[in-house]
Amino acid sequence: MLNVALVGFGYWGPNIARNINNNPNLNLHTICDMIDENLEKAHKIYASSTNYEKDFNKVLEDKTIDIVAIATQTSSHYYLIKQALLAFKNVYVEKPFTANLQEAQELEELAKKQNKIIHIDHIMIFHPAIKK
């Protein structure tokens, strides 16, 4: 089982947390958010079944975390993904990958160098109109 830390429990984070939690191959190890209200909301749902953290650096330092799932605004993706890769974590990121092509290419190269995976996804890829 892989341990996942979710960074961001605002708008889209609860959906990602639910899917991680429902996947038998994944353990929702930590929910990280800088906003107290978001962590309180997460705690009401997951209680003591996961850890809660405000400090992203503690997520990076935790050797038991295999994957960092990022559900924050696009402007923070580059920094968060880069730090996760430098900490030898695999990355899942929702919505736009980065703000520009240069950032995306740099992160792709770093992932290859670190032998890590970046998975970029958006729920709309499963929408019938997109499939058609």
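The values are calculated or read from the model by the stated rules, or taken from the named source; none is laboratory data. If you're wondering where the values come from, they're calculated on a predicted model, not measured in any experiment. Counting neighbours? That spans all protein chains shown, and the Cβs are built from the backbone with ideal geometry, glycine included. For the accessible areas, the whole protein counts, side chains as well, though only heavy atoms, and no ligand, DNA or RNA atoms are used. Shrake-Rupley method; radii C 1.70, N 1.55, O 1.52, S 1.80 Å.
In terms of the Cα gyration tensor, with a ≥ b ≥ c the square roots of its eigenvalues, is segment 27-111 rounded because a/c is under 1.5, prolate because a/b exceeds b/c, or oblate? Prolate shape, in that a/c is at least 1.5 and a/b is the bigger ratio. The alpha carbon gyration tensor of segment 38-84 gives principal lengths a ≥ b ≥ c with a/c of 1.5 or higher and a/b no greater than b/c, which makes the shape oblate.
The string of couplings for segment 114-121 from the Karplus curve (6.51, -1.76, 1.60, θ = phi - 60°) is 8, 6, 10, 10, 10, 10, 10, 9 Hz, one whole number per residue in order, with x for Gly and Pro. Just the protein heavy atoms count here, and of the accessible area of segment 7-132 at 1.4 Å, carbon and sulfur take up 55 percent. Add +1 for every Lys or Arg and -1 for every Asp or Glu among the other residues with Cβ under 14 Å from the Cβ of Ala99, and state the total. Local net charge: 0. Once you list every other residue whose beta carbon is under 13 Å from the beta carbon of Lys116, what net charge do they have if Lys and Arg are +1 and Asp and Glu are -1? Net charge in that neighbourhood comes out at +1. Could you report the chain's accessible area per residue, 1.4 Å probe, as an integer in Å²? Using a 1.4 Å probe on heavy atoms only, each residue of the chain averages 60 Å². The residue among Asn25, Asn38, Thr74 whose Cα reaches farthest toward the positive pole of the charge dipole of the chain, with charges on the beta-carbon of Lys, Arg, Asp and Glu, is Asn25.
Only four residue types carry charge here, +1 at the Cβ of Lys and Arg and -1 at the Cβ of Asp and Glu. Report the dipole size of the chain about the Cα centre in Debye, rounded to the nearest 20. Intermediate results must be reported in sequence, preceding the final value.
Numbers: 14 positive and 15 negative charges, 84 e Å.
My answer is approximately 400 debye.
Put simply, the amide H of Ala99, placed in the peptide plane, has neighbours under 5 Å in Tyr78, leaving out anything fewer than 5 places away on its chain.
Where only DSSP H runs of four or more residues are counted, the chain gives -12500 deg cm²/dmol as its mean residue ellipticity at 222 nm, each run worth -39500 (n - 2.57). Would you mind checking Lys41/Lys89; Lys54/Lys113; Lys95/Lys116; Lys44/Lys116; Lys82/Lys112; Lys63/Lys112 for any pair whose Cα atoms are more than 24 angstrom apart? As for pairs spanning more than 24 Å Cα to Cα, those are Lys41/Lys89; Lys54/Lys113; Lys44/Lys116.
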